[in-house]
Amino acid sequence: MDERNHTSSDHEEEEEEQSDYKEERSHLSDEQPQPPKRRSCETLDRISSLPESILLHTLSLLPMKEVVKTATLSKRWQYLWTSVPNLIFSGPIHERHCIGDFVSFVDKTLILCRQSKINKFTINFRYEPRFASHVNLWIRFATSCDAEKISIKLYAAEGPEGVNLYTLPKHLFRSSSLTKLGLWFCNVAPTGAVSWKSLKNLSIRCGKLSNDVIEKILSGSPALEFLEFCYCCGFDRLDINSASLRKCVVEGYRDPSNSKDESVLKISAPNLQSLNVIGSWYLNKFQLMNMSSLVDVDISFDILHDEIHDENENMLKELLQFLRDVNKLTVGTWCIKVMSKLELKGLPSPVSKCKCLKIDTSITKRDLPGIANLLQSSPNLE
(Lines give C-alpha, C1' and ligand atoms only; values in the text may rest on other atoms or scores of the structure.)
Protein backbone atom coordinates (compact mmCIF):
# COMPACT_ATOMS: atom_id res chain seq x y z
CA MET A 1 0.00 0.00 0.00
CA ASP A 2 2.81 2.37 0.92
CA GLU A 3 4.50 1.47 -2.32
CA ARG A 4 1.38 2.36 -4.31
CA ASN A 5 1.05 5.70 -2.53
CA HIS A 6 4.70 6.45 -3.16
CA THR A 7 4.35 5.69 -6.91
CA SER A 8 1.20 7.79 -7.18
CA SER A 9 2.95 10.69 -5.44
CA ASP A 10 5.90 10.57 -7.83
CA HIS A 11 3.56 10.52 -10.79
CA GLU A 12 1.67 13.58 -9.52
CA GLU A 13 4.94 15.49 -8.99
CA GLU A 14 6.07 14.67 -12.54
CA GLU A 15 2.77 15.88 -13.99
CA GLU A 16 3.04 19.07 -11.93
CA GLU A 17 6.59 19.75 -13.25
CA GLN A 18 5.50 19.21 -16.85
CA SER A 19 2.56 21.58 -16.33
CA ASP A 20 4.90 24.25 -14.94
CA TYR A 21 7.28 23.76 -17.90
CA LYS A 22 4.43 24.21 -20.42
CA GLU A 23 3.25 27.35 -18.65
CA GLU A 24 6.78 28.76 -18.73
CA ARG A 25 7.17 27.97 -22.47
CA SER A 26 3.80 29.59 -23.17
CA HIS A 27 4.79 32.65 -21.19
CA LEU A 28 8.08 32.98 -23.03
CA SER A 29 6.45 32.58 -26.45
CA ASP A 30 4.02 35.37 -25.67
CA GLU A 31 6.85 37.78 -24.87
CA GLN A 32 7.97 39.96 -27.78
CA PRO A 33 11.76 40.38 -28.20
CA GLN A 34 12.96 43.84 -27.47
CA PRO A 35 14.49 45.61 -30.53
CA PRO A 36 18.18 46.49 -30.15
CA LYS A 37 18.99 50.05 -29.45
CA ARG A 38 19.65 52.00 -32.61
CA ARG A 39 23.28 52.73 -33.07
CA SER A 40 24.47 56.12 -34.11
CA CYS A 41 25.62 56.67 -37.71
CA GLU A 42 29.18 57.12 -36.48
CA THR A 43 29.18 53.70 -34.82
CA LEU A 44 27.40 51.94 -37.66
CA ASP A 45 29.61 53.35 -40.43
CA ARG A 46 32.72 51.39 -39.63
CA ILE A 47 34.04 51.60 -43.19
CA SER A 48 34.31 55.37 -43.08
CA SER A 49 36.39 55.17 -39.93
CA LEU A 50 39.08 53.11 -41.66
CA PRO A 51 42.42 54.78 -42.49
CA GLU A 52 42.46 56.78 -45.70
CA SER A 53 45.12 54.54 -47.24
CA ILE A 54 42.82 51.51 -46.93
CA LEU A 55 39.84 53.37 -48.36
CA LEU A 56 41.88 54.58 -51.33
CA HIS A 57 43.20 51.09 -51.97
CA THR A 58 39.64 49.74 -51.96
CA LEU A 59 38.42 52.44 -54.34
CA SER A 60 41.35 51.83 -56.67
CA LEU A 61 39.97 48.37 -57.42
CA LEU A 62 36.72 49.76 -58.85
CA PRO A 63 35.82 51.34 -62.22
CA MET A 64 35.84 55.13 -62.05
CA LYS A 65 32.07 55.45 -62.56
CA GLU A 66 31.55 53.55 -59.32
CA VAL A 67 34.36 55.42 -57.57
CA VAL A 68 32.87 58.84 -58.37
CA LYS A 69 29.49 57.79 -56.95
CA THR A 70 31.02 57.44 -53.47
CA ALA A 71 31.22 61.24 -53.26
CA THR A 72 27.54 61.28 -52.21
CA LEU A 73 28.01 58.98 -49.19
CA SER A 74 29.17 61.55 -46.63
CA LYS A 75 31.50 64.50 -46.11
CA ARG A 76 34.36 62.06 -45.47
CA TRP A 77 33.87 60.58 -48.94
CA GLN A 78 33.06 63.78 -50.84
CA TYR A 79 36.58 64.41 -52.15
CA LEU A 80 38.30 61.16 -51.21
CA TRP A 81 37.85 59.67 -54.69
CA THR A 82 39.89 62.49 -56.26
CA SER A 83 43.06 60.97 -54.76
CA VAL A 84 42.58 57.40 -55.99
CA PRO A 85 45.91 56.03 -57.36
CA ASN A 86 44.31 53.72 -59.94
CA LEU A 87 42.12 55.31 -62.61
CA ILE A 88 40.16 52.70 -64.56
CA PHE A 89 37.80 54.05 -67.22
CA SER A 90 35.67 51.43 -68.99
CA GLY A 91 33.29 52.75 -71.62
CA PRO A 92 30.90 51.38 -74.24
CA ILE A 93 32.22 49.07 -76.93
CA HIS A 94 29.09 48.28 -78.94
CA GLU A 95 26.75 51.15 -77.98
CA ARG A 96 27.98 53.89 -80.28
CA HIS A 97 25.40 56.44 -79.10
CA CYS A 98 26.89 56.34 -75.57
CA ILE A 99 30.49 57.09 -76.55
CA GLY A 100 30.12 60.89 -76.34
CA ASP A 101 28.82 60.69 -72.76
CA PHE A 102 31.73 58.46 -71.77
CA VAL A 103 34.31 60.85 -73.26
CA SER A 104 32.67 63.76 -71.44
CA PHE A 105 32.74 61.80 -68.18
CA VAL A 106 36.48 61.10 -68.50
CA ASP A 107 37.21 64.75 -69.31
CA LYS A 108 35.32 66.05 -66.27
CA THR A 109 36.72 63.41 -63.92
CA LEU A 110 40.35 64.11 -64.81
CA ILE A 111 39.81 67.84 -64.22
CA LEU A 112 38.76 67.08 -60.63
CA CYS A 113 41.47 64.53 -59.89
CA ARG A 114 44.16 66.03 -57.67
CA GLN A 115 46.75 63.27 -57.21
CA SER A 116 50.29 63.99 -58.37
CA LYS A 117 51.30 60.32 -58.66
CA ILE A 118 49.34 57.53 -60.40
CA ASN A 119 49.97 53.84 -60.17
CA LYS A 120 47.63 52.60 -62.92
CA PHE A 121 45.75 54.33 -65.73
CA THR A 122 43.35 52.36 -67.98
CA ILE A 123 41.19 53.51 -70.88
CA ASN A 124 38.85 50.99 -72.49
CA PHE A 125 36.22 52.07 -75.05
CA ARG A 126 35.13 52.07 -78.70
CA TYR A 127 37.42 54.56 -80.40
CA GLU A 128 36.54 56.95 -83.22
CA PRO A 129 38.98 59.42 -84.87
CA ARG A 130 36.91 62.42 -83.69
CA PHE A 131 38.01 61.64 -80.12
CA ALA A 132 41.76 61.63 -80.85
CA SER A 133 42.41 64.98 -79.15
CA HIS A 134 40.61 63.80 -76.02
CA VAL A 135 42.66 60.60 -75.81
CA ASN A 136 45.81 62.69 -76.28
CA LEU A 137 44.90 64.79 -73.25
CA TRP A 138 44.08 61.70 -71.17
CA ILE A 139 47.48 60.19 -71.90
CA ARG A 140 49.13 63.55 -71.19
CA PHE A 141 47.45 63.55 -67.77
CA ALA A 142 48.70 60.01 -67.04
CA THR A 143 52.30 60.70 -68.04
CA SER A 144 52.36 64.04 -66.16
CA CYS A 145 51.34 62.10 -63.03
CA ASP A 146 54.18 59.60 -63.61
CA ALA A 147 51.84 56.67 -64.13
CA GLU A 148 53.64 53.34 -63.78
CA LYS A 149 51.08 51.19 -65.61
CA ILE A 150 49.16 52.45 -68.64
CA SER A 151 46.65 50.41 -70.63
CA ILE A 152 45.06 51.94 -73.73
CA LYS A 153 42.42 49.54 -75.08
CA LEU A 154 40.76 51.20 -78.04
CA TYR A 155 38.35 49.10 -80.03
CA ALA A 156 38.73 50.71 -83.45
CA ALA A 157 35.84 50.81 -85.89
CA GLU A 158 36.18 49.89 -89.55
CA GLY A 159 36.24 52.97 -91.78
CA PRO A 160 36.26 53.53 -95.58
CA GLU A 161 40.05 53.18 -95.59
CA GLY A 162 40.25 50.26 -93.18
CA VAL A 163 40.56 50.17 -89.40
CA ASN A 164 40.87 53.60 -87.79
CA LEU A 165 43.94 53.18 -85.61
CA TYR A 166 44.79 55.76 -82.98
CA THR A 167 48.26 57.32 -83.41
CA LEU A 168 50.09 57.53 -80.11
CA PRO A 169 51.29 61.00 -79.02
CA LYS A 170 55.02 61.79 -78.94
CA HIS A 171 55.21 62.43 -75.20
CA LEU A 172 54.18 58.84 -74.37
CA PHE A 173 57.45 57.56 -75.87
CA ARG A 174 59.41 59.63 -73.35
CA SER A 175 57.70 58.44 -70.17
CA SER A 176 60.50 57.24 -67.88
CA SER A 177 58.10 56.18 -65.09
CA LEU A 178 56.37 53.46 -67.14
CA THR A 179 56.89 49.88 -65.97
CA LYS A 180 53.98 48.25 -67.83
CA LEU A 181 52.32 49.35 -71.09
CA GLY A 182 49.42 47.79 -73.00
CA LEU A 183 48.26 49.12 -76.38
CA TRP A 184 45.23 47.96 -78.43
CA PHE A 185 44.47 49.18 -81.96
CA CYS A 186 47.19 51.81 -81.93
CA ASN A 187 49.53 53.08 -84.60
CA VAL A 188 52.93 52.88 -82.93
CA ALA A 189 55.08 55.34 -84.86
CA PRO A 190 57.54 57.35 -82.75
CA THR A 191 59.17 60.15 -84.74
CA GLY A 192 62.10 60.43 -82.35
CA ALA A 193 63.90 58.19 -79.93
CA VAL A 194 62.04 55.99 -77.43
CA SER A 195 62.95 56.46 -73.76
CA TRP A 196 61.22 53.83 -71.63
CA LYS A 197 63.99 53.39 -69.06
CA SER A 198 61.81 51.61 -66.48
CA LEU A 199 59.55 49.60 -68.79
CA LYS A 200 59.48 45.87 -67.97
CA ASN A 201 56.30 44.67 -69.66
CA LEU A 202 55.08 45.70 -73.13
CA SER A 203 52.03 44.28 -74.92
CA ILE A 204 50.81 45.53 -78.32
CA ARG A 205 47.62 44.09 -79.79
CA CYS A 206 46.21 44.70 -83.28
CA GLY A 207 48.75 47.44 -83.88
CA LYS A 208 50.69 48.63 -86.86
CA LEU A 209 54.47 48.51 -86.51
CA SER A 210 57.58 48.49 -88.64
CA ASN A 211 61.04 46.96 -88.33
CA ASP A 212 62.52 50.37 -87.49
CA VAL A 213 59.90 51.06 -84.80
CA ILE A 214 60.55 47.71 -83.12
CA GLU A 215 64.27 48.46 -83.14
CA LYS A 216 63.61 51.86 -81.51
CA ILE A 217 61.42 50.26 -78.84
CA LEU A 218 63.96 47.58 -77.97
CA SER A 219 66.91 49.99 -77.88
CA GLY A 220 64.93 52.46 -75.75
CA SER A 221 63.72 49.85 -73.23
CA PRO A 222 66.86 48.56 -71.45
CA ALA A 223 64.89 46.96 -68.57
CA LEU A 224 62.31 45.13 -70.71
CA GLU A 225 61.60 41.58 -69.51
CA PHE A 226 58.36 40.64 -71.32
CA LEU A 227 57.34 41.51 -74.90
CA GLU A 228 54.07 40.58 -76.59
CA PHE A 229 52.78 41.20 -80.13
CA CYS A 230 49.20 40.02 -80.79
CA TYR A 231 47.90 40.15 -84.36
CA CYS A 232 50.16 43.03 -85.30
CA CYS A 233 51.42 43.72 -88.81
CA GLY A 234 53.87 45.81 -90.80
CA PHE A 235 57.11 44.06 -89.80
CA ASP A 236 58.96 40.98 -91.01
CA ARG A 237 61.89 40.89 -88.61
CA LEU A 238 62.36 40.64 -84.85
CA ASP A 239 65.98 41.19 -83.85
CA ILE A 240 65.97 41.00 -80.07
CA ASN A 241 69.44 41.60 -78.64
CA SER A 242 68.26 42.80 -75.24
CA ALA A 243 70.08 41.20 -72.31
CA SER A 244 67.10 41.75 -69.99
CA LEU A 245 64.29 40.33 -72.15
CA ARG A 246 63.34 36.86 -70.95
CA LYS A 247 60.01 36.07 -72.63
CA CYS A 248 58.50 36.97 -76.01
CA VAL A 249 55.00 36.13 -77.22
CA VAL A 250 54.05 36.47 -80.89
CA GLU A 251 50.36 35.65 -81.20
CA GLY A 252 49.12 35.59 -84.78
CA TYR A 253 50.04 37.79 -87.68
CA ARG A 254 47.69 39.42 -90.12
CA ASP A 255 47.89 42.43 -92.38
CA PRO A 256 44.28 43.48 -93.20
CA SER A 257 45.52 45.26 -96.34
CA ASN A 258 47.35 42.18 -97.61
CA SER A 259 45.39 38.96 -97.16
CA LYS A 260 47.88 36.96 -99.28
CA ASP A 261 51.06 37.95 -97.50
CA GLU A 262 53.99 35.93 -98.88
CA SER A 263 56.63 37.41 -96.56
CA VAL A 264 58.62 35.43 -93.99
CA LEU A 265 58.87 36.56 -90.38
CA LYS A 266 62.40 36.06 -89.01
CA ILE A 267 62.96 36.03 -85.24
CA SER A 268 66.42 36.30 -83.69
CA ALA A 269 66.96 36.49 -79.91
CA PRO A 270 70.21 35.09 -78.47
CA ASN A 271 69.34 35.86 -74.81
CA LEU A 272 65.68 34.87 -74.89
CA GLN A 273 64.67 32.05 -72.54
CA SER A 274 60.97 31.64 -73.35
CA LEU A 275 59.19 31.99 -76.72
CA ASN A 276 55.50 31.55 -77.57
CA VAL A 277 54.51 31.44 -81.24
CA ILE A 278 50.75 30.96 -81.04
CA GLY A 279 47.46 32.08 -82.58
CA SER A 280 46.35 32.18 -86.21
CA TRP A 281 48.94 33.07 -88.83
CA TYR A 282 48.29 34.41 -92.31
CA LEU A 283 51.96 34.11 -93.22
CA ASN A 284 53.23 31.09 -95.09
CA LYS A 285 56.38 30.84 -93.01
CA PHE A 286 58.38 32.12 -90.08
CA GLN A 287 61.96 31.32 -89.21
CA LEU A 288 63.85 31.18 -85.91
CA MET A 289 67.53 32.11 -85.78
CA ASN A 290 70.24 32.54 -83.15
CA MET A 291 68.33 31.42 -80.03
CA SER A 292 70.94 29.57 -78.00
CA SER A 293 69.39 30.43 -74.60
CA LEU A 294 65.89 29.06 -75.23
CA VAL A 295 64.51 26.78 -72.51
CA ASP A 296 60.72 26.91 -72.91
CA VAL A 297 59.00 27.09 -76.33
CA ASP A 298 55.33 27.01 -77.33
CA ILE A 299 54.64 26.50 -81.06
CA SER A 300 50.90 25.87 -80.87
CA PHE A 301 50.28 28.24 -83.82
CA ASP A 302 47.90 27.62 -86.70
CA ILE A 303 48.69 28.55 -90.32
CA LEU A 304 45.41 29.36 -92.04
CA HIS A 305 45.53 27.42 -95.29
CA ASP A 306 43.03 24.90 -96.56
CA GLU A 307 45.71 22.32 -97.27
CA ILE A 308 49.10 21.39 -95.86
CA HIS A 309 51.75 21.88 -98.54
CA ASP A 310 55.27 20.52 -98.84
CA GLU A 311 56.68 23.88 -97.77
CA ASN A 312 54.72 23.61 -94.51
CA GLU A 313 56.25 20.19 -93.88
CA ASN A 314 59.73 21.52 -94.56
CA MET A 315 59.16 24.51 -92.28
CA LEU A 316 58.05 22.33 -89.37
CA LYS A 317 60.98 19.93 -89.78
CA GLU A 318 63.40 22.88 -89.79
CA LEU A 319 61.65 24.33 -86.74
CA LEU A 320 61.82 21.10 -84.72
CA GLN A 321 65.44 20.62 -85.73
CA PHE A 322 66.22 24.14 -84.51
CA LEU A 323 64.40 23.50 -81.19
CA ARG A 324 65.92 20.10 -80.50
CA ASP A 325 67.82 21.33 -77.39
CA VAL A 326 64.97 23.06 -75.53
CA ASN A 327 63.92 21.65 -72.16
CA LYS A 328 60.17 22.22 -72.47
CA LEU A 329 58.18 22.09 -75.73
CA THR A 330 54.48 22.69 -76.45
CA VAL A 331 52.97 21.84 -79.85
CA GLY A 332 49.46 22.46 -81.14
CA THR A 333 46.90 21.09 -83.58
CA TRP A 334 48.51 22.34 -86.81
CA CYS A 335 51.91 20.86 -85.92
CA ILE A 336 50.32 17.50 -85.10
CA LYS A 337 48.49 17.48 -88.44
CA VAL A 338 51.71 18.10 -90.32
CA MET A 339 53.51 15.44 -88.30
CA SER A 340 50.73 12.95 -89.04
CA LYS A 341 51.30 13.57 -92.72
CA LEU A 342 55.04 13.04 -92.26
CA GLU A 343 54.41 9.80 -90.37
CA LEU A 344 52.19 8.45 -93.13
CA LYS A 345 55.00 9.21 -95.57
CA GLY A 346 57.42 7.30 -93.37
CA LEU A 347 59.41 10.43 -92.53
CA PRO A 348 60.58 10.67 -88.88
CA SER A 349 60.74 13.90 -86.92
CA PRO A 350 64.07 15.36 -85.77
CA VAL A 351 65.18 13.86 -82.45
CA SER A 352 64.36 16.19 -79.52
CA LYS A 353 66.15 16.44 -76.17
CA CYS A 354 63.16 17.97 -74.40
CA LYS A 355 62.25 16.57 -70.99
CA CYS A 356 58.75 18.06 -70.84
CA LEU A 357 56.38 17.76 -73.80
CA LYS A 358 52.89 19.25 -73.92
CA ILE A 359 50.49 18.45 -76.76
CA ASP A 360 47.81 21.14 -76.91
CA THR A 361 45.17 19.63 -79.20
CA SER A 362 41.84 17.82 -79.20
CA ILE A 363 42.91 14.28 -80.07
CA THR A 364 41.23 12.64 -83.05
CA LYS A 365 42.04 9.45 -84.90
CA ARG A 366 43.82 11.43 -87.61
CA ASP A 367 46.14 12.97 -85.01
CA LEU A 368 47.41 9.69 -83.59
CA PRO A 369 50.17 9.12 -86.20
CA GLY A 370 51.56 12.60 -85.53
CA ILE A 371 51.49 12.12 -81.76
CA ALA A 372 53.24 8.74 -82.13
CA ASN A 373 55.85 10.34 -84.40
CA LEU A 374 56.53 13.08 -81.85
CA LEU A 375 56.79 10.66 -78.91
CA GLN A 376 59.18 8.38 -80.76
CA SER A 377 61.40 11.37 -81.47
CA SER A 378 61.51 12.45 -77.79
CA PRO A 379 63.47 9.77 -75.90
CA ASN A 380 64.38 12.01 -72.91
CA LEU A 381 60.88 12.73 -71.67
CA GLU A 382 60.41 12.71 -67.92
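The values are calculated or read from the model by the stated rules, or taken from the named source; none is laboratory data. Just so it is clear, the structure is predicted and the values come from calculations on it, not from any experiment. All Cβ positions, glycine included, derive from the backbone under ideal geometry; neighbour counts span all protein chains shown. For the accessible areas, the whole protein counts, side chains as well, though only heavy atoms, and no ligand, DNA or RNA atoms are used. Shrake-Rupley method; radii C 1.70, N 1.55, O 1.52, S 1.80 Å.
At a 1.4 Å probe, what is the % contribution of carbon and sulfur to the accessible area of the stretch 172-294?
Percent of accessible area from carbon and sulfur atoms in the stretch 172-294: 45.
Please quote Rg/Rh for the stretch 303-352 to two decimal places, taking the Kirkwood radius as Rh and restricting both calculations to Cα atoms.
So for the stretch 303-352, dividing Rg by the Kirkwood Rh gives 0.95.
In Å², and per residue, what accessible area does the stretch 172-294 have when probed at 1.4 Å with the other protein chains present? Walk me through the intermediate numbers first.
Numbers: 5000 Å² over 123 residues.
Dividing the accessible area of the stretch 172-294 by its residue count gives 41 Å².
Local charge sum around S175 (other residues, Cβ-Cβ under 12 Å, Lys/Arg +1, Asp/Glu -1)?
Around S175, the surrounding residues sum to +4.
Report Rg (one decimal) and Dmax (nearest whole number) for the stretch 172-294, counting Cα atoms only, units Å.
13.7, 41
With Cβ to Cβ distances under 12 Å as the rule, what net charge do the other residues near R237 carry (K, R +1; D, E -1)?
Overall, the nearby charge balance is -3.
Per residue of the stretch 178-190, in order, report the coupling 6.51 cos²θ - 1.76 cosθ + 1.60 (Karplus, θ = phi - 60°) as ³J(HN,Hα) in whole Hz, putting x for Gly and Pro.
5, 10, 9, 9, x, 10, 10, 6, 10, 8, 8, 9, x
Quick one: 3J(HN,Hα) in Hz for the stretch 329-343, Karplus 6.51/-1.76/1.60 with θ = phi - 60°, rounded, Gly and Pro as x.
10, 10, 10, x, 4, 5, 4, 5, 4, 5, 5, 5, 5, 5, 5
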